[in-house]
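> Shown below is the structure under consideration.
Bear in mind that the values in this text are calculations on the coordinates, not laboratory data. Predicted, not measured: the structure shown is a model, and the values here were computed from it. As a convention, Cβ positions derive from the backbone with ideal geometry for all residues, glycine included, and neighbour counts pool all protein chains shown.
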């Protein structure tokens, strides 16, 4: 549990808020008794007492809520942080299974986290509700035991009865979430592919598809909501029924004057919170199920899918007054590369397709080109080598200067190795930030710009390296994006550079200069390419076909 | 401030199509409110009758009546929930589709400046907030309205002074609540946009997760996440503070109500103006207010989210594309000529023009290759032809018709783009070729075969994930080619379309592309000159200007042309080898 101070302070003051009605209800009863007896002065005094009690209640609420909201924010943030970090770290014990699609992963960060927070919120309410139930019942029972039983028992029965619906609640919830994901997924695809939709004149068809998915979602949502609300409405409505029952069993006491307005006033004063108990209990039960689904789903994103890795405590400086120092990059020590050996490396997708076994050797400062037809496994080979071939079973080994790498994903990052994927992804930030992904000196940055043939482009931009490149780098041309990604891969002067079809978005002249720059920098290069210029410079050309070298 | 009016007008417009449904819902809610008011009247009689020595059976009978009223109110309540949820979803599903269509119609500039994550939040998140508002808040607000009106009516019948007192109390309540609400709505809006930024950032980092992993950049990304979380937290605390302000007002109102009920009773009961039973009725009526008010607090988050969301929905729907769709000229039949009449283009906020004074005529039915270094304006040229962007000055004409005179649907129905980065959709192979339109399976299969994907032609139901999981970049490219085959357009733009395809595959589809070009006007943008060996004409672009234009054979033969020079360099370095 994080930020225990604000958590417990919040908890304590919520207690004041929840318990004051015990006093207020009791005062109301005394007030009506005084009314019955015609002692007006006493009624005024009691009214004043009531005002004081209620004022205290509000003060405790203020302090309680603010502490609580901070504590909940911290909790939500570290859940999100654990998921995000598991998705972003390269190798190591905490690396999670990469999510298939970012758009579909977003509900884990938003809705699933909310579900867990709501459960904790509900648990707080429930803990006080139960205390209130015990004390309140005791006070009422001392006034009229049978009426109290008639009042409290139906409330509890509903609380228990609602639990019978738990299985159904969970099922409906899961179906609704799936339907919601389908809608969000399509909306996300459409928003990302607006141009594709436009130029294919597909707006009508895709919106019709959206309409179908939203109708499915309506059905699942109505079922989910009606059941959820129904359980709650039952808890709420039962308070009137319970009061009616209490009146019914008290008919005799009423006619004899042993039961009347004063007793009823206490009942009415307590009834609000008493009926709250089964309602909140039902809600907590339902949320426990929802939160269970949520935790399970969130665990998909963290290491070994273990929920323990989801709730790792993290002290994140998110308070307004806290300093937020840049995190130090978690990178391995540079180990100068003399020779890289790949031995019987293979990576198989569940269907059996894939690459390998492949063996190859890269001496220091050599230039190796991998070529081969579409679907021959070139990209998979590079990713297997780097230890990031997700969704495959990998075997074989990679040796760095003869030493076998146990955790390739952790070791083969800058400054040891850098990877440039076929379709590099940039983020909406400044150009410098996209390249450095952290802090580097101006000289280092300038050198990277030079290596990636970006100097000319940067000079033409008004803001230079501070230029904002827009969402996913869309303010840049395709070639510029590719070269920014190249600069990003080269900025730490890695020992080994792995390039997946660098030339695909570059014109011939730029590409020639780029190969020259890489050679001049003395880097060991492994590149997928189909161009003569690459073959001519290569120390070895490997031809991959059907997943094996030919 | 015109902002609330906009919201109410927006709400009215949203509800109108399903008006009858909402009226039925209103009736259900009104009946439930009436039963709620009747219960305390029964209790009042019990108290007064008991003090006048009523028999046990009379009292028991009245208690039974109270019990029945409570049970029936319960059933009506559930009916209301069902009706409200159904209506809300029907209504908002319509909005969701309208918004998606609207956003898809907005211009390139809009999409360039908004992340997909942000747009998902608008089209999906915000509309869901509105839906929650309609299903949760609207029926409860209606119920509260009926309850309050009925309450004042009942009190007026009992004693006019009580009704006046109740009116004063309610007016005070309304004024206090209104004041707190405005601040809460503002703070909530800030919180929502901070959250949109947080989720947008998370999505972007997840999209780039492979890059970030391979570059060991997790900690940098996490620093940004923490910054954005801090922003979200600050706004959460602010909005919670505003929220408590509101809670105070509501809880205060109830407490004050209790005190007022006691004091009123102390004054009126001893004089015999009202009975003890009526005094108890006052207490019960104050408590009756608790439920709608508590609902209001519980749902306030929904209200706040929806208030902001509704404003944003309306804002977005009111945002007009800079590409005005006012043309009425039908598409000139057949392959069009493409004319650029002194076209210049400068993106908003940029200093330098992307294109400057482009004057070109590309004859109908010919294939034109556009070459130039990256960033020279080639892609912008193609966007102009598709009217994804508008020329700042000058005019583009297709088949002699100024492009702005063609209705957009007409234009987009006859042109096609094969981009460098193909976007795939979550769905089957068929969905990805037809883009969810109805089409014959045989046609889809044929299109796939022609595009060079025979293996998928027999596997139309194979699921593909967004982002192209399960396909290589080259295969995704071929899917885009299949889309075009299926649509049979008159004008095609290939924007570096084969850049990511290996030479073997390229050779396989070059023939297919040549066949595709037959009888159409085709613009091929390429930096790989081998792609342009079969084109009729060549346009060389540099720094936003057309520096050369002519027949390919003539330019190739002219030793001094830019193109010939490129060919010399290109042949030297671009002799793509196969095998």
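> Of A:530, A:447, how do they rank once you tally other Cβ atoms within 10 Å and put the fewest first?
Ascending Cβ contact count within 10 Å gives the list A:447, A:530.
> Let me ask something additional. Which order do the peptides A:362-368, A:212-218 take when ranked by the mean count of other beta-carbon atoms within 10 Å per residue, highest first?
A:212-218, A:362-368
> On a C-alpha basis, how far is the centre of segment B:235-251 from the centre of segment B:31-67 in Å? Whole number, if you could?
39 Å
> So what is the diffusion coefficient of the protein assembly as shown in µm² per second by Stokes-Einstein at 4 °C and 1.567 mPa s, using a Kirkwood Rh over Cα pairs?
Result for D is 39 µm²/s.
> Quick check: the distance between the Cα centres of segment B:82-127 and segment B:532-569, to the nearest angstrom?
Their Cα centres are 46 Å away from one another.
> Counting residues in chain A as N, plug N into 2.2 N^0.38 Å and put the Cα Rg over that result.
This ratio for chain A stands at 1.37.
> What average count of beta carbons from other chains do you get within 10 Å of the Cβ of residues in A:237-249?
Average neighbour count from other chains, rounded to a whole number: 6.
> Next question. Relative to the first principal axis of the alpha-carbon coordinates of chain A, what is the inclination of helix A:4-37, with its axis defined by its Cα atoms, in degrees from 0 to 90 and to the nearest 10?
So the inclination is approximately 20 degrees.
> If you take each beta carbon of peptide B:265-275 and count the beta carbons of other chains within 10 angstrom, what is the mean?
Partner-chain Cβ atoms within 10 Å, mean over residues of B:265-275: 3.
> If you average 1/r over every pair of different alpha-carbon atoms in segment B:236-293 and take one over that average, what Kirkwood value in Å do you get?
12.8 Å
> What shape does segment A:122-161 have by the C-alpha gyration tensor, where a ≥ b ≥ c are the square roots of the eigenvalues, rounded means a/c under 1.5, and otherwise prolate means a/b greater than b/c and oblate the rest?
Taking the square roots of the gyration eigenvalues as a ≥ b ≥ c, segment A:122-161 is oblate.
> Moving on to the next point. How far, in degrees from 0 to 90, does helix A:40-88 lean away from the longest principal axis of the Cα atoms of chain A, to the nearest 10?
Relative to chain A, helix A:40-88 is tipped by roughly 20 degrees.
> Sticking with this structure for a sec: On average, how many beta carbons from a partner chain sit within 10 Å of the beta carbon of a residue in A:306-319?
Taking all residues of A:306-319 together, the mean is 2.
> How would you rank B:115-123, B:267-275, highest first, on the average number of other Cβ atoms within 10 Å across their residues?
Order by mean packing, descending: B:115-123, B:267-275.
> Moving to a separate point now. Going by Cα centres, segment A:52-89 and segment A:295-312 are how many Å apart?
Using only Cα atoms to place each centre, the spacing works out to 21 Å.
> Sort B:246-254, B:199-207 by packing, meaning the average of other beta carbons within 10 Å per residue, with the highest value first.
Going by the mean number of other Cβ atoms within 10 Å, highest first, we get B:199-207, B:246-254.
> Quick check on the exposure proxy: order A:228, A:166 from fewest to most C-beta atoms within 10 angstrom.
Placing the least packed residue first, the sequence is A:166, A:228.
> Could you tell me which of rounded, prolate or oblate describes segment A:72-228, using a ≥ b ≥ c as the square roots of the eigenvalues of the alpha-carbon gyration tensor, with rounded for a/c under 1.5 and, failing that, prolate when a/b is larger than b/c and oblate otherwise?
Oblate is the answer for segment A:72-228, as a/c is 1.5 or above yet b/c matches or exceeds a/b.
> With 10 Å bins from zero, work out the P(r) of segment B:310-456 over every alpha carbon pair and list the percent per bin.
All Cα pairs considered, the percentages come to 9, 30, 32, 24, 6, 0.
> So what is the relative contact order for chain A, in percent, with contacts set as C-alpha pairs under 8 Å and at least six apart?
Taking the mean separation of contacting Cα pairs over the length of chain A, I get 16 percent.
> Please state the shape class of chain B: rounded when a/c is under 1.5, otherwise prolate if a/b exceeds b/c and oblate if not, all from the C-alpha gyration tensor.
Taking the square roots of the gyration eigenvalues as a ≥ b ≥ c, chain B is prolate.
> Could you put B:140, A:170, B:305 in order, starting from the residue whose Cβ has the fewest other Cβ atoms within 10 Å?
Least to most surrounded, the residues fall as A:170, B:140, B:305.
> Given the DSSP H assignment, sum -39500 (n - 2.57) over each helix run of at least 4 residues in the protein assembly as shown and divide by its residue total; what's the result at 222 nm in deg cm²/dmol, nearest 500?
One gets -21000 deg cm²/dmol as the mean residue ellipticity at 222 nm.
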